[in-house]
Amino acid sequence: MLKDITLGQYLPGDSPVHKLDPRVKLVLTAVLIVMLFAAKNMCGIAVCAVFCVIGFAVSKVPVTLMIKSLKPIVALVVFTAVLNLFFVHSGEELWRWKMLSVTDEGIRTAFFMVSRIVLLIIGSSLLTYTTSPIDLTDAIERLMSPLKRIKVPVHEFAMMMTIALRFIPTLIEETDKIMNAQKARGSELDTGGFTDKVKGMIPILIPLFVSSFRRAEELATAMECRCYHGGEGRTRMKQLHTAPRDYAACVLTLLFLAGVIAANILFK
Amino acid sequence: MEFFLDAENVCFSYVNDAEEPPSRTEVLKDVTLRVKEGEFLAVLGHNGSGKSTLAKCFNAINLPDSGTVTVAGLRTDDEENLIPIRSNAGMVFQNPDNQIVATIVEEDVAFALENMGVEPSEIRRRVDEALRTVGMYEYRMHAPHKLSGGQKQRVAIAGILAMKPKCILLDEPTAMLDPKGRDEVMSTIKMLNREQGVTIVLITHYMEEAAQADRIVVIDGGETLLDGTPKSIFSQVETMKNIGLDVPQVTELCYRLKKAGYDLPGDIITEEECAQALFELLTKRGE
């Protein structure tokens, strides 16, 4: 049961968005974030919304998944909405009850802030839906590689990420085995209150840690046997190439960015 | 330079720094072992006999306390030789899970070549070739954790093979596999030895696997005890039993029948030989 979890939320596919160079996708997502924070009015936000909708439509990621990605931030959205609704006092008062009042300006700000957060999450989940964690790590390593000059361990960081991604399923499988082994010895993992459950985790975590260290040591030896000696002089099999579609995506994004700026100037 | 792998008077001990004063465990005591190019050598010995330690001496993971180890004429104690030695004497370990680095099969096979700084197009070519050789080409885009044990171990072998080593050291590669996986790995190893002339050093606990080698070395208590062809080693049933090792089942069968007074040759190590010998024995009695 634990074995079937998917890492991240990557959804394999072969849409133009999937095929974009991961570096380009990463940069464009950053541009979207800039766009969202640069937008000063609803018109600008609408431009960003159109951008996200186009992205989702082209990627063929189901709408249900898009809504699902918003689930974890429901509380944040509600909190932001309520806060803005009741604590913005400028503008015409529409409704009042003792200390609480709602103004038209408040409604506008609340809507503005909520759509900004929602679009932020939708835009960045489009990146994770269409890019596998490996490609993402790869893109980060390559984009950050200029930082190597100022002694930032970019390669080591990417290697750690890759190994972590590689071992998560293995360790989950192992956790499953240890849990079964402890259950077979009569430990009660699912019963009792919160403290009992936390205490029940100890006999699972300790063997898991011990075996992880053993694995780490064996892996290090195996890596050394395969001539691993850090990032120096290392080549990569997979080369990333930018294709015409990458340039097209960049141009399109820049157009939308221009649209947001225009909206800021035109509608004060 | 006649021998490809050459360990001369090798002594090795593990030092435990955690204890005060540091304790030393002597694992190899004056071991001399020479392996010719293209040979298929099986190393037998029970747990803690030092066979894995010896294998790790051959690719400069372990450096001997005294004595010398050379691989293709290169000394392992010279830091300069590290990469040539390791790319010439690749090592496959027991647990396939703990030696696969990448999240995609073909990326893992490419790992060693990427470390060696090979050109990307050349890496691609060699990775495809290695995956085809071990019969895992169709799985090149799979995630390693979704493969069976035998398949994972074949991916690990492909990862070594991509370096085009002259020799592969295998440290109990079949210990964690089911019979089917064991067959897959053994036939891959034999194919590499027979068809591509790769020198094989196979450390194993399975006598049936050792019987398929050209030569067997038995290590006990950090010393080489026996050295010879499978037939000459397994015909010494008493000696093998005394040091806590087995002989192939068919050898055991013939040994017991012989003890019970039946006239059988003492050097039977394969099922075919055994069947033939029994057939002859039975037809003789029938007459």
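Okay, here's what the table says:
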| item | result |
| --- | --- |
| Sequence-distant residues sharing a close amide H with residue B:118 (under 5 Å, placed H) | A:235 |
| Amide H contacts of residue B:219 (H built 1.01 Å from N, under 5 Å, at least 5 apart or other chain) | B:44, B:45, B:225 |
| Projected area averaged over orientations for chain A, convex hull of C-alpha atoms, nm² | 21.6 |
| Segment A:36-131: projected area of the alpha-carbon convex hull, averaged over directions, in nm² | 6.9 |
| Eligible aspartates and glutamates near residue B:284 by straight Cα distance, threshold 14 Å, same-chain separation 8 or greater | B:263 |
| Two-decimal ratio, segment A:60-188, of alpha-carbon radius of gyration to 2.2 N^0.38 Å | 1.69 |
| Cα centroid separation, segment A:116-130 to segment A:183-218 (Å) | 36 |
| FRET efficiency estimate (nearest 0.05) - Cβ-Cβ, residue B:68 to residue A:68, R0 60 angstrom | 0.40 |
| Residue mean of other protein chain beta carbons inside 10 Å, B:108-121 | 5 |
| Calculated FRET efficiency for the pair residue B:18/residue B:256, C-beta based, R₀ 51 Å, to 0.05 | 0.60 |
| Efficiency of FRET from Cβ geometry, residue A:214 and residue A:241, R₀ 51 Å, rounded to 0.05 | 0.80 |
| Spatially proximal lysines relative to residue A:60 (Cα-Cα < 24 Å; intrachain offsets below 8 disregarded) | A:19, A:25, A:68, A:71 |
| 23 Å Cα-Cα threshold exceeded, pairs from A:177/B:152; B:146/B:166; B:29/B:51 | B:146/B:166 |
| Length gained when the stretch residue A:262-residue A:248 is fully extended (0.36 nm per residue, less Cα-Cα span) | 3.0 nm |
| For segment A:153-225, fraction of C-alpha pairs farther apart than 17 Å, in % | 55 |
| For chain B, radius of gyration divided by Kirkwood radius, i.e. Rg to Rh on alpha-carbons | 1.02 |
| For segment A:63-76, Karplus couplings with θ = phi - 60° (6.51, -1.76, 1.60), whole Hz, Gly/Pro x | 4, 4, 5, 4, 5, 4, 5, 8, 3, x, 9, 3, 4, 4 |
| Kirkwood hydrodynamic radius of segment B:39-88, Cα pairs, Å | 11.7 |
| Among beta bridges that DSSP assigns inside segment B:3-247, antiparallel share in %, nearest 5 | 55 |
| Hydrodynamic radius by Kirkwood, which averages 1/r over all alpha carbon pairs of segment A:191-254, in angstrom | 17.3 |
| Rg/Rg_globular for the protein assembly as shown, with Rg_globular taken as 2.2 N^0.38 Å and Rg from C-alpha atoms | 1.31 |
| Segment B:248-287: C-alpha gyration tensor shape, a/c 1.5 cut-off, then a/b vs b/c | oblate |
| Euclidean distance between Cα centres, segment B:23-46 to segment B:61-112, Å | 17 |
| Debye-sum result for segment B:101-219 in log10 I(q)/I(0), which assumes one identical scatterer on each alpha carbon, at q = 0.16, 0.17, 0.19 Å⁻¹ | -0.74, -0.83, -1.01 |
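All of the numbers you see were taken from the coordinates with simple rules; none came from a lab. Please read these numbers as outputs of a predicted model, since none were measured by experiment. FYI the Cβ positions are ideal-geometry reconstructions off the backbone, even for glycines, and counts take in every protein chain you see.
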